[in-house]
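Chemist: Submitted below is the structure of interest, expressed as structure tokens.
Readers should treat all values here as calculations from the given coordinates under stated rules, not as data from a laboratory. Just so we're clear, the structure is a prediction, and the values are computed from it rather than from any experiment. Cβ: placed from backbone, ideal geometry, glycine included. Neighbour counts: every protein chain shown.
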Amino acid sequence: MPKFRGDSDDWLDQEGTKSKRRGGSAGKNKPVGRAIDLPVEKANAVVAEIFPNQCRVRMDGSALALLCSYRRAGVVGKSSTEVRERTPVAVGDRVFVQSTGSHTGIIEGICLRKNSLSRPAPGREEGSLYHTLAANIDLLVIVVSVCEPNFSSGLVDRFLVAAESEKIPVVIGLTKIDLKVGEETPWKIYEELGYSVLLLSSKDRTGVTQMMQAIQGKTVVFCGQSGVGKTSLLRVLLDDPTLGKIGAVNPTTGKGRHTTTGAVLVGDAHDSRWIDTPGVREFGLTRIPANELSRYFLEMQNLSCSKITCCHQDEPGCKAHGLIRYPSYRRILDSLLEIEKSRSVQKFPLK
Ligand SMILES: Nc1nc2c(ncn2[C@@H]2O[C@H](COP(=O)(O)OP(=O)(O)OP(=O)(O)O)[C@@H](O)[C@H]2O)c(=O)[nH]1
Ligand SMILES: [Mg+2]
Ligand SMILES: [Zn+2]
């Protein structure tokens, strides 16, 4: 299988190597549009892994994997405000493939997605080029660990906003509960908001039955920080101790080592499809207008602020300021406003 240059597909997290890689492969990672004109019933395969200018697909109804190139790759984004995608397809995309050999084929068409999980690609056009981690998701499992690495509420909130905006159902998978839990239980707030939090351990198999029930019959994406145990969990769920690679967290920092390097459809068992993703340090949001952000914070949906069009910034009579996740809302809001400002598409009334 072809490999991306460097040791990680997750170049969005490789701030130090990013520009070098771009410069060294002129045009290779250029933004590419998608030929999205195929009716869903015409698809005969699902995208399982992405490589430069190629992808691996799994043919429907068989275990056959084909390495495919694209018939119709081309740049779609034309205006400076249009948001464009980094690769023509994402893992989970439904496609029509014409085989060209026993292990090769060509992607002839791509179906319209029902949803996707994307984040902005960094660089000169911040906010106008994005990277889709996975598409056509029935359930997003936001994997967090009780420790090693520490629970990151900011990251969970960003994943939740992305999922809510795409109407993707969510489960929070709290791993490593076999390790000592301290006084703090930052995941409780999410339970109180109504999100399902499953307590898990890949070491002693705690919660495996509940997780299997939650994902039955679905296309499920596992996402989260590096080192939280996404691949370990998938190994246990799929009962495959050889699946992917597992990497110990750094004992000094408690952080993961970005062991999984690209999104990959790892299993097709129990009538379900499971997608492992590379760990992220941060999750930038794209395609969410700043003035719509509060829609995706469940506790902000029915606030009785004085101003009916309150954006929950600094308006008098705003009821959002006392909410536990308000600081998180403001951080995300500020980052979205920054992107809109740089792209001159700001609709937010206050700044
Ligand atoms: N104690 C304990 N350790 C775990 C558990 N799950 C994973 N680990 C350990 O955590 C480390 C990271 O596990 P991975 O499965 O590689 O984590 P990941 O989220 O896939 O990491 P990336 O691929 O870098 O994003 C490994 O040393 C695992 O053995 C768990 O439930 N309990
Ligand atoms: Mg992994
Ligand atoms: Zn308000």
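Chemist: Compute the relative contact order of the stretch 135-276 as a whole-number percentage, counting only Cα pairs closer than 8 Å that sit 6 or more residues apart in sequence.
Modeler: Relative CO of the stretch 135-276 lands at 27 percent.
Chemist: Follow-up. Give me the distance in nm between label points sitting 7 Å out from Cα along the Cα-to-Cβ direction at residue 326 and residue 184, one decimal.
Modeler: 2.1 nm
Chemist: Compute the length gained on full extension between residue 292 and residue 42: take 0.36 nm times their separation in residues and subtract their Cα-Cα distance, giving the result in nm to one decimal.
Modeler: Result for the pair: 86.5 nm of gain on full extension.
Chemist: Could I ask something else about it? Along the charge dipole of the stretch 142-264, which of 264, 209, 151 sits closest to the positive end, that is, farthest toward it, with unit charges on the beta carbon of Lys, Arg, Asp and Glu (+1, +1, -1, -1)?
Modeler: Towards the positive end, the residue furthest out is 264.
Chemist: What trypsin sites (Lys or Arg not before Pro) does the stretch 198-228 have in DSSP loop regions with at most 14 other beta carbons within 10 Å?
Modeler: 203, 205
Chemist: Also, quick follow-up: Exceeding 19 Å between C-alpha atoms, which entries from my cross-link table qualify? They are 167/230; 230/255; 180/203; 203/245; 307/341; 176/230.
Modeler: Those over the limit are 167/230; 307/341.
Chemist: Taking 0.36 nm per intervening residue step and subtracting the Cα-Cα distance, what contour gain separates residue 218 from residue 53 on full extension?
Modeler: 56.6 nm
Chemist: While we're looking at this one, here's another question. So, in nm, how far is label residue 205 from label residue 253 when the simple model puts each one 7 Å beyond its Cα toward the Cβ?
Modeler: Between residue 205 and residue 253, the simple spin-label model gives 3.5 nm.
Chemist: Please give the contour-minus-distance gain from residue 246 to residue 282: 0.36 nm per residue of separation, less the Cα-Cα distance, rounded to one decimal in nm.
Modeler: 10.9 nm
Chemist: Classify the stretch 102-183 as rounded, prolate or oblate from the Cα gyration tensor: take a ≥ b ≥ c as the square roots of its eigenvalues, call it rounded if a/c is under 1.5, otherwise prolate when a/b beats b/c and oblate if not.
Modeler: In terms of gyration-tensor shape, prolate.
Chemist: Order these by the 10 Å Cβ neighbour count, fewest first: 215, 324.
Modeler: On the way: 215 22, 324 12.
Lowest count first: 324, 215.
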